[in-house]
Amino acid sequence: MRAPAKSAKAPKAVPAPAAREEPAPYSLGFDKTITLHADRTAEGLSTTRIKILGESALRTAGQQSISYVEGMQTLEILEAYTEKADGRRIAVDPASIMTRDEASGLNAVYLRDAKVRVVIFPDLAVGDSIVLSTRSDIRAGVFPGQYFYSAVFPRQLPFAASTVQIVAPKDLALNVAVLGQGIEDRIVEEPGTIRHVISYRGSARLADEPGATSPLDRDARAFVSTFKDYDELGRAYWSEASKRAAVTPEIQALADEITAGIPDKRAQAAAIDRWVKANVRYVAIYLGSGRVVPNDAGAVLKNKYGDCKDQSTLMAALLAAKGIASELVLVNGGNAHTLDLPPTLAALNHVMVYLPEFGIYDDPTASFASFGVLSDTYDKPAIHLSASGVRLGRIPPMRAADHTLLTQTKVTIAANGTMSGETKQSATGMFAAVARAVASAIESNGPETIAERQLQAFGTPGKGRFQVESPRNLAEPYVVKGRFTLNERFAPPPAGRKIVPIGMPILGRPGDLLLGTRHQGRKLPFACLAGRQVEEIDVTLAEDKPLNIAVPGRKIANRFFTYKSEYRLEGRTLKIRHEFVSLVPSQVCGPEIEADIGKPMAEVNASVNSRLAATATARPPAPKPPETGLGALFRSR
């Protein structure tokens, strides 16, 4: 029997979150027993109990859905009833138990034999409980001849005490580990078997925090696997996936067509990436939710759709046709940043490509990203698979110089107070990918409609129109332009403040996005990004409006970011410049960082969102009426 395995990459120590009772509309507890057989098939018995504590849970808890794959397992409802507060049991009518195909919308159509059993509970009221017992025969694992299971207890969900028992033959090589607080594994030896009794004691519900990383990184969790390490899991995946990337005559012909007239190998790879993103529609079947074997590259080419496994396989085949080596990469496509042992697919739900010749990771499913630009997989552990073997690597963290946003807005204030202008945003890296996604929405909803919404959102209602490049243009920088006229005329009172017209940027302002949302008293690690944001605003006033500018600049510098603001007058134009650079070395920031950046980020926000203050000019000594006009300066709110 193996000892509980250690993490493949030990996460930094996270301070224990302070237990803080949060009201919950229900409580959830379950007892599950999994009996493994010598051939690594299994039987699962499970009883789930949900107690209704508030009205909001009646609708969500009153209908339960259980997913399964018909070709791999069976599912039988043993018992289902509503337990009234007085102890009476009201059984679920068999007619209220339905089976349907599993699907989650047009872009997430799952396996043909992926099913959902839906159970609708009767006569449910606050104070009642629902009880659901099931039996499942696991006839085949995701990988032939292997078995793995994981259970996670997020502190944001109201879990009550729960138990998972794993019963296995003594001679079956099984790895079991429990991690996090409030969970333990008690091993009981029985004649011919070993029983792992994994107990979670339940805990106070912890309020969710904006941008928090995955419970897979920090909360109570259990992993069970017949794989001894990720090398073995990777070999199991590669043994099947490698057969699907064959270079057929059709693949070769397409690769030659895509790269015609392009002698440079790296440019050829970029052209192949563009073709896949433009021509193969993404349909999601998440790794681990069913079978993991991709379709043949030829079938993906014929259908022009596929999931991450399919698109990566097709890209690998096209690259191979041009003599460009590539590796498949298993990684987490969500907000998990660690990879615990024993190996499962709990944190590996995505496949992409690595090109060793150029040291480039590329995600062919990131349809709005340029070659080598990733979405949410920076700074994460990754399993590399190729004919040369399997290795555990780590995707490099973001560099600020690779992800830039330059926003340039020119505003003209006419003699009658009419305000009009234009905004131009030039983006690279992650910002460019997001800008293309927004441009796609602009194309769908209308360039004038979205412009009006943006102006309204910034507190300067008006009319406008965006001019966008094709979202399929993956060249950088990617540019979005727009022209606008505001409804309100600029007529400053003798004294007061007005919002500075900033135009209609689509990607926020310096200090937005990169370091997430501020949350006082943060207890959990949160996602943070590296990048550079520059905003330049030129406000030009009519000749009849006198100016009196005296605005000091602002500088902030610490380990995590720098910020600089500048204001100067050139003729009739007030020129404003804000620059924010996030310097975080990792894409996970500990909760202690929140305390360090909270106040400085508030100062950045105040500076960026300064208001235009108008004051009367000084009264001249001559005995004539004082000349009033615009004395412009910028003050924090």
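Considering only the stretch 329-426, give the strands (runs of 3 or more DSSP E) lying wholly within it that have at least 1 residues that are of a type in the set (Phe, Trp, Tyr) and within 24 Å of the chain's Cα centre (by Cα). Even if it seems obvious, please write down each step before you answer.
Numbers: elements: 350-355, 360-362, 381-386, 389-394, 404-413.
Once the strands (runs of 3 or more DSSP E) in the stretch 329-426 are filtered for at least 1 residues that are of a type in the set (Phe, Trp, Tyr) and within 24 Å of the chain's Cα centre (by Cα), what remains is 350-355, 360-362.
Within the stretch 523-541, can one find any residue that is part of a loop (DSSP other than H, G, I, E, B), more than 31 Å from the chain's Cα centre (by Cα), in contact (Cβ under 8 Å) with a residue 12 or more places away in the chain and more than 25 Å from Ser426 (Cβ to Cβ)?
Within the stretch 523-541, not a single residue is part of a loop (DSSP other than H, G, I, E, B), more than 31 Å from the chain's Cα centre (by Cα), in contact (Cβ under 8 Å) with a residue 12 or more places away in the chain and more than 25 Å from Ser426 (Cβ to Cβ).
Return the only residue of Pro158, Pro154 being buried (at least 20 other Cβ atoms within 10 Å of the Cβ) and within 22 Å of Lys51 (Cα to Cα).
Working: Pro154 fails: buried (at least 20 other Cβ atoms within 10 Å of the Cβ).
Going through Pro158, Pro154 in turn, the sole match is Pro158.
Looking at the stretch 562-584, can you tell me whether even one residue there is in contact with a Phe, Trp or Tyr (Cβ under 9 Å, 6 or more places away or on another chain), at pLDDT 90 or above and among the small types (Gly, Ala, Ser)?
The answer is yes, given that some residue of the stretch 562-584 is in contact with a Phe, Trp or Tyr (Cβ under 9 Å, 6 or more places away or on another chain), at pLDDT 90 or above and among the small types (Gly, Ala, Ser).
Taking the stated definitions as given, is Ser610 at pLDDT below 90, buried (at least 18 other Cβ atoms within 10 Å of the Cβ) and within 23 Å of Ile413 (Cα to Cα)? Can you show your working first?
Values: at pLDDT below 90: yes; buried (at least 18 other Cβ atoms within 10 Å of the Cβ): yes; within 23 Å of Ile413 (Cα to Cα): yes.
Spelling it out, Ser610 is indeed at pLDDT below 90, buried (at least 18 other Cβ atoms within 10 Å of the Cβ) and within 23 Å of Ile413 (Cα to Cα).
Does Val188 count as within 24 Å of Thr33 (Cβ to Cβ), among the aliphatic types (A, V, I, L, M) and without any contact (Cβ under 8 Å) to a residue 24 or more places away in the chain?
For Val188, the condition - within 24 Å of Thr33 (Cβ to Cβ), among the aliphatic types (A, V, I, L, M) and without any contact (Cβ under 8 Å) to a residue 24 or more places away in the chain - is met.
Being of a type in the set (Phe, Trp, Tyr) and touching a helix residue (DSSP H, G or I) at 6+ places or on another chain (Cβ under 6 Å), is that true of even one residue in the stretch 146-166? Lay out the reasoning, then the answer.
In the first step, residues of the stretch 146-166 are kept if they are of a type in the set (Phe, Trp, Tyr); the result is 147-149, 153, 159.
Checking the rest, the ones that are also touching a helix residue (DSSP H, G or I) at 6+ places or on another chain (Cβ under 6 Å) come to none.
No: the stretch 146-166 contains no residue that is of a type in the set (Phe, Trp, Tyr) and touching a helix residue (DSSP H, G or I) at 6+ places or on another chain (Cβ under 6 Å).
Among the candidates Thr259, Thr338, which residue alone is among the polar types (S, T, N, Q), farther than 26 Å from Pro396 by Cβ and surrounded by 19 or more Cβ atoms within 10 Å (Cβ to Cβ)?
Numbers: Thr338 fails: farther than 26 Å from Pro396 by Cβ.
On inspection, the qualifying residue turns out to be Thr259.
With respect to the numbered conditions (1) part of a strand (DSSP E or B); (2) at pLDDT below 95, which one is the sole condition not fulfilled by Asn605?
Of everything listed in (1) part of a strand (DSSP E or B); (2) at pLDDT below 95, Asn605 misses just condition (1).
Checking Asp376 against (1) surrounded by fewer than 20 Cβ atoms within 10 Å (Cβ to Cβ); (2) out of contact with any Asp or Glu (no Cβ under 7 Å at 6 or more places or on another chain); (3) at pLDDT below 95; (4) not assigned by TED's automatic domain parsing to the domain that holds Gly306, only one condition comes out false. Which one?
That leaves (4) as the condition not met.
Quick one: Ser440 ticks every box in (1) under 30 Å from Glu594 (Cβ atoms); (2) touching a residue at least 40 places away in the same chain (Cβ under 8 Å) bar one, so which box is it?
(1)
Only one residue in Ala125, Ala151 is modelled with pLDDT of 95 or more and assigned to a loop (DSSP other than H, G, I, E, B). Which one? Even if it seems obvious, please write down each step before you answer.
Working: Ala151 fails: assigned to a loop (DSSP other than H, G, I, E, B).
Result: Ala125 is the single residue among Ala125, Ala151 that is modelled with pLDDT of 95 or more and assigned to a loop (DSSP other than H, G, I, E, B).
Assuming Ser386 fulfils every condition listed in (1) closer than 30 Å to Lys115 by Cβ; (2) touching a residue at least 40 places away in the same chain (Cβ under 8 Å); (3) small (Gly, Ala, Ser) apart from one, which condition is it?
Condition not satisfied by Ser386: (1).
Can you give me the ranges of the helices (runs of 4 or more DSSP H) entirely in the stretch 225-322 with at least 3 residues that are among the aromatic types (Phe, Trp, Tyr)? Don't jump to the end; show me each part of the working.
Working: elements: 230-241, 249-258, 265-279, 297-303, 308-321.
Output list reads 230-241.
Looking at Trp238, is it of a type in the set (Phe, Trp, Tyr), surrounded by fewer than 20 Cβ atoms within 10 Å (Cβ to Cβ) and under 28 Å from the mean Cα position of the chain (by Cα)? Don't jump to the end; show me each part of the working.
On the way: of a type in the set (Phe, Trp, Tyr): yes; surrounded by fewer than 20 Cβ atoms within 10 Å (Cβ to Cβ): no; under 28 Å from the mean Cα position of the chain (by Cα): yes.
It is false that Trp238 is of a type in the set (Phe, Trp, Tyr), surrounded by fewer than 20 Cβ atoms within 10 Å (Cβ to Cβ) and under 28 Å from the mean Cα position of the chain (by Cα).
Residue check: is Ile90 out of contact with any Cys (no Cβ under 9 Å at 6 or more places or on another chain), part of a strand (DSSP E or B), at pLDDT 95 or above and not charged (D, E, K, R)?
Working: out of contact with any Cys (no Cβ under 9 Å at 6 or more places or on another chain): yes; part of a strand (DSSP E or B): yes; at pLDDT 95 or above: yes; not charged (D, E, K, R): yes.
Judged against the criteria, Ile90 is a match.
The values are calculated or read from the model by the stated rules, or taken from the named source; none is laboratory data. Nothing here was measured: the structure is a model prediction, and the numbers come from that model. We place every Cβ from the backbone using ideal geometry, glycine too, and count neighbours over all the protein chains shown.
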